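Have a look at the structure below before the remarks.
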Amino acid sequence: MSIKLRHVCLIVNDLANARYFYKDLLGFEEVSSKKEYGNEVLEKVTGIKPYNIEWIKLKGDGKTLLELIKFDKPLYMQSIGMYHIALTVNNIQKVYETLIKANVKFVSEPLKKDGVKLCFCRDYDSNLIEIVEEIK
């Protein structure tokens, strides 16, 4: 069996802020965006009904997509699930400085560990993001 990661989905409170964080600050490319109003198929596959959503799909330099979803009303979400997403960058210090200027909150500054430099921050909806630069 062959498995490839298709996309990572984050539920956000403010789609404009999320777009700014991932697209403008981190450089993801917007692939598509859409609004769905009471989509019967989505309601069946998710088991949540009725709801309206708006989403954006973004891509980095690979094939895996990042999907950002905004629901029109608060939903009960279980407390288990995605812990963080990890992003590989070429220059962690530059990314760190750019995000600091945009008032992004970091757990620490970039640190070296096991052949990489890494740090964690939170996007504007408090999703934990790991930023990694491979040291050659």
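The values are calculated or read from the model by the stated rules, or taken from the named source; none is laboratory data. Everything quoted here is computed from the prediction, not taken from an experiment. Quick reminder, even Gly has a Cβ in these numbers, built from the backbone with ideal geometry, and neighbours come from all protein chains shown.
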ask   = What pairs can you find where one residue is in region 118-135 and in contact (Cβ under 8 Å) with a residue 60 or more places away in the chain and not assigned by TED's automatic domain parsing to the domain that holds ASN17, the other is surrounded by 19 or more Cβ atoms within 10 Å (Cβ to Cβ) and among the small types (Gly, Ala, Ser), and their Cβ atoms are less than 7 Å apart, with a gap of 6+ or different chains?
value = ASP123/ALA18; TYR124/ALA18; ASP125/ALA18
key: Total residues in region 15-66, condition in contact with a Phe, Trp or Tyr (Cβ under 9 Å, 6 or more places away or on another chain), part of a helix (DSSP H, G or I) and at pLDDT below 75   = 2
Hits in region 106-117 - residues which are outside any strand (DSSP E or B) and touching a residue at least 12 places away in the same chain (Cβ under 8 Å) = VAL107, SER108, GLU109, PRO110, GLY115
inquiry  = Tell me whether region 71-84 contains one or more residues that are at pLDDT 80 or above and not in a strand (DSSP E or B).
reply    = no
